[in-house]
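A quick write-up on the structure given underneath.
Here, each number is a calculation from the coordinates, and none is a lab measurement. Computed from a prediction, not measured in an experiment: that's the story for all the values here. Heads up, the Cβs are rebuilt from the backbone with ideal geometry, glycines too, and the neighbour counts pull from every protein chain shown.
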Amino acid sequence: MWDLDVQPLISSSKWLQLHGLKRNKLSFSQILSQIGFQHREDFVSTLGKFVASRYADGLFPQYLRAQDGRVYNLTAKKELILHFVDCLTGAIELYKQRMEWVTSESRQLFGVIQESCITIVLDFGTVCRAEFDLCRDALSMVLSQQVAQLANDIIFSTAQDLVKWQQKAVPVSEDSVESAVKWLWKLEHMPAVSHTSSTEALLEAISDETIEAVYYFAVGDVPKDMKHLLLQKVSNSPYAIHTVSFNAREEETIIFLKELSQLTSGRYGEYYYCYYDLLISLILKAIQVGTRESLQRLLSHLAHNKKIKWLNGGRELTVK
């Protein structure tokens, strides 16, 4: 279980303002001031130079700070030193947990959702059926782990046919999150046929004055003509558009989504699914069924993914 202090849905900079070393008087300079005092120099006019007093020579252990050459006389007892050791050890463990939490589960895909009222626009592109289900698994995790903790509202819409979960933002509750997950799994697998639907969905999303941000979940690669249209129409969005790339295979798509998020003061997230389990299931099914159709589906999937990363025995393998 994660420590409660690890889990707030806020940016890392805000989190550090609450739990950083300075806030807890554990920065290096703050600790030095509590365990000793600076060995100062005074200017002696008759000598025409700075002279350090020698009354403390040999009386206290001294520490020379490398970055500025200042010398500190250390006066703290062992108990106080051990107290700071315990405090710093606890802080390190908390930071380690926060790093692990931020980069795990739904945060690995969406980052940390920091707003209290959002719209999520889903663009499944020309995704295959198996990958469509992977997307829904990932989005269900985002809903249960992060959206469920939002203070206010959420809207869901798909770019494919401009289908909305709700016409207006609804308060977040256990029932509304459950309803959104059910709606997600009832969506039909319909590859996009229009290159303007994503732009239309985003334009409608940013026209809602009640939201704080839009999350644009783009699966696979974005067609070239659609990139131009999106930049032309939504780059001046009054709200941040946070882009999330799921299994993009072309570098141009990643560059585009980063640019779109930067132009709207949004954030960018990237996720490349580990295909090991999917490939194994497809191979086993092809072997069990043994039909031409199942084998063709497997070969088609392998051909579609020119570069597939997967894990085997703890090692990352790349199939090109």
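Observations
- The Kirkwood radius of region 115-271, taken over pairs of alpha-carbon atoms, gives through the Stokes-Einstein law at 37 °C and 0.692 mPa s a diffusion coefficient of 213 µm² s⁻¹.
- For the residue pairs Lys182/Lys224; Lys96/Lys258; Lys164/Lys233; Lys164/Lys227; Lys14/Lys164; Lys96/Lys227, the alpha carbons lie more than 31 Å apart in Lys182/Lys224; Lys14/Lys164; Lys96/Lys227.
- Net +/- balance of residues flanking Lys227 in space, Cβ distance below 14 Å, scoring K and R +1, D and E -1: -4
- Relative counts (whole %) of C-alpha pair distances in region 68-198, using bins that are 10 Å wide: 11, 30, 24, 11, 9, 8, 6, 0
- Neighbourhood net charge (14 Å Cβ-Cβ; Lys/Arg +1, Asp/Glu -1) for Trp15: +3
- Ordering of 68-78, 196-206 by packing is 196-206, 68-78, highest average first (other Cβ atoms within 10 Å, averaged per residue).
- In sequence order, calculated HN-Hα J values of region 90-105 (Karplus, 6.51, -1.76, 1.60; Hz; x Gly/Pro): x, 5, 4, 5, 5, 5, 4, 5, 4, 4, 5, 5, 4, 9, 10, 6
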